[in-house]
Structure formats: structure tokens, C-alpha cells
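See structure below.
The values are calculated or read from the model by the stated rules, or taken from the named source; none is laboratory data. The structure presented is a predicted model; accordingly, all values stated were derived computationally and were not measured. Don't worry about glycine lacking a Cβ; one is built from the backbone with ideal geometry, like all the others, and counts go over all protein chains shown. SASA here: full protein model, heavy atoms, side chains in, ligands and nucleic acids out. Shrake-Rupley method; radii C 1.70, N 1.55, O 1.52, S 1.80 Å.
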Amino acid sequence: MSAATSKLPKRRAADVAYDAIESLISTMRIEPGSPVVEGELVELTGLGRTPVREALLRMTAIGLITQQPRRGLLVSNIDLADHLDVIQTRRVLEDVIARCSARRASAAQRKEIVRCAERMVKAAERGNLTEYMRADHELDLINHLACQNKSAVNAVVPLIVQCRRFWYAYQHQGDIVAAANAHLQLAEGIATGDEDDAVTGANKLLDYLEAFARRIIDR
């Protein structure tokens, strides 16, 4: 772990639980339509019932989990029709975050963002999906901290989760090298303080996600 990563704020147990459960859902280990059993999640995550319960409430609020009469909590289905709207909305927010990070990031954060993006490129070239997604998540965490825009971050995180889940569901259709290179352009724009270049990188990433989604929807 680098110095910049180690300086991230200490995270609440509920946030750790949220990330752990979100990873299980996003990576399709818990598939769409599956029942959500609190006790099983406590076992899988190794965390207590209170943080797990709080994480599930947050996921219900953003639509990742749904409450069904007489059926309890279920993982929501992936809605192809709505996914392009998710991407369109995320594009606007990512542009704001890219500009803010290019303007506000510290020197250490700029270096770490580039380091994460370079790890993504290397992992993509090797076809190492696990390392690619780990570096992607770290980049998001530091970028969101660097931008100092909590409103944009709070709005974009649920959309990132939806995009990640969609990508995992149909990953055999994707080209992670193209996505990694878009992240690198975004990172380099932030590192140099070039807001327009950072936004260009963010838009290239969303162009990739949109083209990917359209291929799935139109097939």
C-alpha cells in the first residue's frame, strides 16, 4: 500500500461491510434475483450484524437490493433498458469529479492516481481481471477523496456499482485494455492539472462503457 492510499480516512465497519457485499453482488457471486440472507452475509464477510444490516439498508436505498412482499430482500435484476440512462447520468458526474480533482488534488494524490491507472493498464495487458478491478477501486477511492466534492461522489458511487455489475455480467464482451487506457488519460490529466484532458479521459471511459452496453443491448 502506498503512502497516499494509507492516508485514506479510517473507514466505518458499515462501509467495509458495504464494499464486501457490493463486491459479492457486482462480481456475480450473488446473482441477480437471489435472496439476501443477513446471516449468510455475516458469515461471508466476517462482520457483525449491525454493519451488515446498515450496508443492506444503503443498498436498498440505491436499488441494488429490493424488498419484495412475502419474499424478503432480493438482489435486483440488471435492467438493460435503464442502463444507458445510468451511463448518461454518470458521464455528467464523472466530468465534474475529473475537473475538481485536476484542480484540487494534492501532489501525493496525483502521483497515486497515476500509479493506480498504470497498474490497471499492466493488469489489462496481462488479462488479470482481479488486479485490474482492485486498482480501479483504489483509483476511485483516491480520485473521490481528491476531488473534494462530496455531493458528486455520493451521487456517482451507486452508478459506478451498477456499471461494475453490468460489466461483470457481460465481461466476455468487453475490452479492458481500452478502458484502462481511458483511465490512464484521466489520471494523467489530473496529475498535470489539465482539467480538459482529465475530462477527455473521463469521457473516453464513458464512451467505452456506452459502446459496451449498446453491444449487449443490441445483440
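Values computed for the structure shown
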item: Any hit, segment 170-192, residues being in contact (Cβ under 8 Å) with a residue 60 or more places away in the chain, within 14 Å of ALA102 (Cβ to Cβ), in a helix (DSSP H, G or I) and charged (D, E, K, R); result: yes
item: Count of residues meeting criterion [open to solvent by 50 Å² or more (accessible area, probe 1.4 Å) and either in contact (Cβ under 8 Å) with a residue 12 or more places away in the chain or within 20 Å of SER151 (Cβ to Cβ) (or both)] in segment 66-80; result: 3
item: Extreme residue, nearest to GLY193 (Cα to Cα), among residues of segment 107-120 that are in contact (Cβ under 8 Å) with a residue 60 or more places away in the chain and surrounded by fewer than 24 Cβ atoms within 10 Å (Cβ to Cβ); result: ARG110
item: Exclusive hit being in a helix (DSSP H, G or I) and within 20 Å of the chain's Cα centre (by Cα), set ALA108, ALA98; result: ALA98
item: Residue match in segment 156-169 (condition: assigned to a helix (DSSP H, G or I) and more than 13 Å from the chain's Cα centre (by Cα)); result: yes
item: Residues located in segment 23-44, provided they are open to solvent by less than 30 Å² (accessible area, probe 1.4 Å) and assigned to a helix (DSSP H, G or I); result: LEU24, ILE25, SER26, GLY39, LEU41
item: Matching option when the condition is open to solvent by 30 Å² or more (accessible area, probe 1.4 Å), assigned to a helix (DSSP H, G or I) and not charged (D, E, K, R), among ASN203, ASN143; result: ASN203
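Yes/no per residue for (1) at pLDDT below 95; (2) touching a Leu at 6+ places or on another chain (Cβ under 7 Å):
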{"position": "GLY72", "(1), (2)": "yes, no"}
{"position": "SER76", "(1), (2)": "yes, yes"}
{"position": "VAL92", "(1), (2)": "no, no"}
{"position": "ALA105", "(1), (2)": "no, no"}
{"position": "ALA108", "(1), (2)": "no, no"}
{"position": "ALA117", "(1), (2)": "no, yes"}
{"position": "HIS144", "(1), (2)": "no, no"}
{"position": "PRO158", "(1), (2)": "yes, no"}
